[in-house]
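Single-structure report; data block below.
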Amino acid sequence: MLTRRNSVAPIVLGLCIFIAILLPHTHGQDRQEYIVYMGELKLTLGIPPSLMHLSFLQKALGSTSSASIIYSYKNSFNGFVALLTSNEVQLISSMQGVVSVFPNKINQLQTTRSWDFVGFPQTVKRATTVESDTIVGVIDTGIWPESDSFKDIGFGSPPTKWKGSCGVFTNFTCNKKVIGARYYKINGVFGPNDIRSPRDSEGHGTHTASTVAGDLVSSASFSGLASGTARGGVPSSRIAVYKVCWSNGCSDADLLAAFDDAIRDGVDIISISIGSSTARPYLSDSIAIGSFHAMKKGILTSMAAGNSGPALGTISNVAPWALSVAASTIDRKFLTGLKLGNAANFQGVAVNTFVPNGFSPIVYAGNVPNKTGNVPGTVSRLCQKDSLDPTLVKGKIIVCDQLNLGEAALLAGAAGMVIRGDGPKDIARVFALPTTYVSNIEGNLILTYISTTSNPTASILKSNEAVDGIAPYTASFSSRGPNAISPNILKPDLSAPGVDILAAWTLGNSPTGIQADTRRLPFNIISGTSMACPHATGAAAYVKTFNPLWSAAAIKSALMTTAFEMSPKTTPLAEFGYGSGQINPVAAINPGLVYDANQADYVQFLCGQGYTDRQLQIVTGDTSTCPSSRNDTSLNLNLPSFSARVLSTIPFNVTFNRRVTNVGLAPTTYNVAVLAPATLKIQVVPSTLAFSSVGQTQSFTVTVQGIVTPSSSISASLSWVDATHKVRSPIVIFSS
């Protein structure tokens, strides 16, 4: 999961995939789970995919092989699951019809105010009937269907285009709002706390689904904090749930199974707040593969950028045919005060709704180690589990030197916790007991008070809401570009609210995820690109309700070119942090021009990334071939952003080719407007684009010249402007 919730630190038959299950030794080799990707689905009349898969495996490995199929992908692409040794992987990789073979890895999961902050009020204009026929597919941890955010009062029957279903479960029922629900655990191995149904026992999926399409819930709050009306971006839309994440994470095999079904089921948008720790080659990346096949059916996939920031090159979801979303702040933050017995006051960062119970003794965790367990003070100061002496901690506030959610303190009977550290303070976490997070300087003052006072006491106050006047800026945790796979493709694409977001929560888990935390609340406040992603998904769904025939690329373009500009002064690394800027859903329904792209564009791009004709023909199911030159074509992929990696200290000359399609008024004329520093020379030809009709496409070139110093970047922008539209795109030139 890409969530900073409370973590301190998420065949002929076409798209053929199969996975190997772990088995004992076979000829001296361990079998492991692999995914074999074989491109576009081509059904053979009368032959079920599962039989075709079995035939393929037997042909590849021989009938005496002990490799066994455990799952077949059979809807939107083709595949099966089997156990493979490394030798078998090499053999299958060389067979005709195989695109790639890669291990089945585990991925991680990556409101009342947020929608208003992006200029998207409750009273915004809506295409209500179309919105009610819009289906959002959410690939996540499941959903808590009884939440008020998912009530179906006033909803009619599901849209006739819906081909999905809701399975029969003993503990889960769909309704006219949540119209579909499935779960996936291909290897059949469940943890002790995993619920074998689409029901969400973690909370993440409920939170993201309600952010996209939750119905209006008045007087929503986190125990009185952040009170208001909770709502999704498209509250009248339907939700289809695909549960792929469990206590051990989210496997590639299960992710692909969810994409396989979601595309067939007829969803309009896919939201996936999941990702790997690093970017992977496109045809060895389950999310890139699934979103490619979704794009072919006109379905845009919105995906979380990742939570590994703020270092350069940490963004993990980088497929150019999908939308990569960074997390930015809103103008609300939560502060929690600490009052000492000497009347000194400190202001920390936390979400604390516990009612103060007067003053309590305060001690330093390094002075109360669990000596029975031979724990030294150098360890207990970090407040790790079982490191504290309950007899010395019970009823006291403890000062800890490491950010944690309070499990050790709670189990030891502490009255509260003060954490000191110089980690980022741009997000407020929920803790298992009264807590505030202060700086090291403030923490040192608190420790001085403790060490020089005979009976030191303190009180942790309830949180108060404050205004963050410099918002929006990209959160410190949000993964940054540049794109490690294709440096000339700018990622992330844009930013959306992902910090301190209030949304629906499961009643099957505490707000901290700590078992000893007995609170069960209908809403929770968490942070992450997991929270930003569903905001962008909701915005994309909103755009689609007004433009139902637009391609996935057109919707993505509309969101990017109308985004609110963000400031490099508040976001280090600028566009590598926020892309085109923060989403502006209202403007995106009428962008004027769009940078459209289709399968052929992306295939040409993949040609330049080193994939072969054979691989790409299997992926697409056609006979198209790559140019003989095999040059990198990423500069000319028709995206609404311009980015190039160049050599430093040497004059460069980079040319981009683009085309734009008129989706606004006609006739109309657009003039180019370029903003650039003196170190760049930018020429756009032609500088004027005249459109006589809607749907007309015009091409232009952009040439950028200059010099970049080592390990630096230069930002500029290009806008096409007519009487009513400003179609803005970022330009980023950088050196490594």
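The rows are residues; the columns are (1) of a type in the set (Phe, Trp, Tyr); (2) at pLDDT 95 or above; (3) in contact with a strand residue (DSSP E or B) (Cβ under 9 Å, 6 or more places away or on another chain); (4) assigned to a loop (DSSP other than H, G, I, E, B).
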residue	(1), (2), (3), (4)
Pro568	no, no, yes, yes
Pro572	no, no, yes, yes
Gly577	no, yes, yes, no
Asp601	no, yes, no, no
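Only residues that are open to solvent by 40 Å² or more (accessible area, probe 1.4 Å), within 20 Å of Gln384 (Cα to Cα) and of a type outside the set (D, E, K, R) were counted in the stretch 354-373, giving 4. Condition check: out of contact with any Gly (no Cβ under 8 Å at 6 or more places or on another chain), modelled with pLDDT under 95 and not in a strand (DSSP E or B). Does Pro627 satisfy that? Yes; evaluated as a whole, the condition is true for this residue.
Every condition in (1) part of a loop (DSSP other than H, G, I, E, B); (2) in contact with a Gly (Cβ under 9 Å, 6 or more places away or on another chain); (3) hydrophobic (A, V, I, L, M, F, W, C); (4) crowded, with 24+ Cβ neighbours inside 10 Å is met by Val325 except one, and the failing one is (1).
The criterion of being among the aliphatic types (A, V, I, L, M) and open to solvent by less than 30 Å² (accessible area, probe 1.4 Å) holds for Val138.
When the stretch 642-675 is filtered for residues that are within 31 Å of the chain's Cα centre (by Cα) and either closer than 13 Å to Thr697 by Cα or surrounded by fewer than 19 Cβ atoms within 10 Å (Cβ to Cβ) (or both), the ones remaining, listed by number, are Asn657, Arg658, Arg659, Val660, Thr661, Asn662, Val663, Gly664, Leu675.
Among residues belonging to the stretch 78-111 that are open to solvent by 20 Å² or more (accessible area, probe 1.4 Å) and under 30 Å from Gly232 (Cβ atoms), point out the one that is farthest from the chain's Cα centre (by Cα). Ranking the candidates gives Ile106 first. If you go through the stretch 127-156 and keep only what is part of a loop (DSSP other than H, G, I, E, B), within 26 Å of the chain's Cα centre (by Cα) and closer than 19 Å to Ala540 by Cα, you end up with Asp133, Thr134. Residues of the stretch 300-314 that are open to solvent by less than 10 Å² (accessible area, probe 1.4 Å) and more than 22 Å from Asn636 (Cβ to Cβ): Thr301, Ser302, Met303, Ala304, Ala305, Gly306. Of the residues making up the stretch 719-728, just one is of a type outside the set (A, V, I, L, M, F, W, C) and either loosely packed, with under 13 Cβ neighbours inside 10 Å or farther than 28 Å from Tyr578 by Cβ (or both), namely Thr724.
Residue-wise test of (1) open to solvent by 50 Å² or more (accessible area, probe 1.4 Å); (2) not in a strand (DSSP E or B).
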residue: Ala678; (1), (2): yes, yes
residue: Gln683; (1), (2): yes, no
residue: Val694; (1), (2): yes, yes
residue: Val704; (1), (2): no, no
residue: Val708; (1), (2): no, yes
residue: Ser711; (1), (2): yes, yes
residue: Ser717; (1), (2): no, no
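Identify the residue in the stretch 583-633 that is within 18 Å of Asn657 (Cα to Cα) and among the charged types (D, E, K, R) and, among all such residues, is least open to solvent (accessible area, probe 1.4 Å). Filtering first and then ranking leaves Asp601.
Count of the stretch 45-77 residues, restricted to those that are open to solvent by 50 Å² or more (accessible area, probe 1.4 Å) and of a type in the set (S, T, N, Q), is 6. Restricting attention to the stretch 379-415, the residues that are over 21 Å from Thr353 (Cβ atoms), outside any loop (DSSP other than H, G, I, E, B), of a type outside the set (A, V, I, L, M) and open to solvent by less than 30 Å² (accessible area, probe 1.4 Å) total 1. Pairing residues of the stretch 388-399 that are acidic (Asp, Glu) with residues that are at pLDDT 95 or above, at Cβ distances under 7 Å and at least 6 apart in sequence or on separate chains, gives Asp389/Val368; Asp389/Pro369; Asp389/Asn370.
The values are calculated or read from the model by the stated rules, or taken from the named source; none is laboratory data. Computed from a predicted model, the values in this text were never measured in an experiment. A quick note on method: Cβ atoms are made from the backbone with ideal geometry, for glycine too, and the neighbour counts reach across all protein chains shown. Ligands, DNA and RNA are stripped out before the accessible areas are found, and what is left, the full protein with its side chains, is counted by its heavy atoms. Shrake-Rupley method; radii C 1.70, N 1.55, O 1.52, S 1.80 Å.
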